[in-house]
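Below is one structure, written out as structure tokens; comments come after it.
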Amino acid sequence: MSSGQEPVFPEYETDTSQTSKLLRKFKETPFVPIGMAGFAAVVGYGLYRLKHRGDMKMSLHLIHMRVAAQGFVVGALTCGVLYSMCREYVFKPKE
């Protein structure tokens, strides 16, 4: 490759820092990090409540925690898909 050649994917080679790539991805798909943060919050809360679960069996508590975390992630991703569909098809800018 000669140095005068243009890159194949210039949008990927202009961002060199990991932070700028991460911020660009968050702007493109805003509901993915929301789903990840919600998952971490539900798991953290579930682990905190693990000590104070009373007479509930541990397996039942873990199943409830898993369902809540998965539900939050699926809900956030569904909202993200609906948001991107509305942005692309309903509020599509006129060309």
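In order along the stretch 29-38, phi translates into HN-Hα couplings of 10, x, 8, 5, x, 5, x, 5, 5, x Hz, rounded to whole numbers, per the Karplus curve 6.51 cos²θ - 1.76 cosθ + 1.60 with θ = phi - 60° and x for Gly and Pro. Placing a pseudo-label 7 Å from each Cα along the Cα-to-Cβ vector at LEU60 and MET85 gives an inter-label distance of 3.7 nm.
A 1.4 Å probe run over the stretch 25-95, with the rest of the protein chains in place, finds 81 Å² accessible per residue.
The values are calculated or read from the model by the stated rules, or taken from the named source; none is laboratory data. Bear in mind that the values here come from a model prediction, so they are computed numbers and not experimental data. Methodologically, a virtual Cβ is constructed for each residue, glycine included, from the backbone with ideal geometry; neighbour enumeration extends over all protein chains shown. These area figures cover heavy atoms from the full protein model, side chains too; ligands, DNA and RNA do not enter into them. Shrake-Rupley method; radii C 1.70, N 1.55, O 1.52, S 1.80 Å.
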